[in-house]
1. For residues that are assigned to a loop (DSSP other than H, G, I, E, B) and of a type in the set (A, V, I, L, M), scanning just region 67-121, find the one that is surrounded by the fewest Cβ atoms within 10 Å (Cβ to Cβ).
2. Which of the residues that make up region 93-152 are acidic (Asp, Glu), closer than 11 Å to residue 79 by Cβ and free of Cβ contacts under 8 Å to residues at least 40 places away in the same chain?
3. Can you tell me which residue in region 122-137 is surrounded by the fewest Cβ atoms within 10 Å (Cβ to Cβ), limited to those that are touching a strand residue (DSSP E or B) at 6+ places or on another chain (Cβ under 9 Å) and among the hydrophobic types (A, V, I, L, M, F, W, C)?
Amino acid sequence: MFRRKKKEEQTEEPAVAVTATEESGPAPAAPMADALAEVTPGEAVFEAAPATQGGVTTDGEQIQVTRTADRGNRVQKVGIVASDKMQKTVVVRVDRLVLHQKYRRYVRRTTKFKAHDELGSGVGDRVRIVETRPLSAQKRWRVVEILQKAAK
């Protein structure tokens, strides 16, 4: 029924007597132990990675920050453009070899993907596509680079 008031004495930490060994300074600790002391639970510590702030290391040298590393490894496929009749969309044919269960022979399987194309690839070009968020009802891929232009 009644609320007790918090005592201020309980929240304060009691004073600790300083010994002679602590006055001379802390003992040298391993560098990894210092890094672990600054990390909150749930964070990972990598000793080899340089400490950065805004893309600049503590040494002052500039490094390139890539955002794709944050997203993880995306699936990449290499295929041949089968159709480029749509605007900014190409149909990419990806072939793969699958071992037949019964006959133990390799059979060629073909899959077609619709990919967003800002590079302007044409029919017969060999392209690399990477998975991305859904761009339309059927487009979930994006053309990253044209590996080989088609022979004319």
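1. Only one residue fits best here, namely 75.
2. Passing the criteria: only 95.
3. 123
No lab work stands behind these numbers, since they all come straight from the coordinates. In this text, all values refer to a predicted model and were calculated from it rather than measured experimentally. Neighbour counts run over all protein chains shown; Cβ positions are idealised from the backbone, glycine included.
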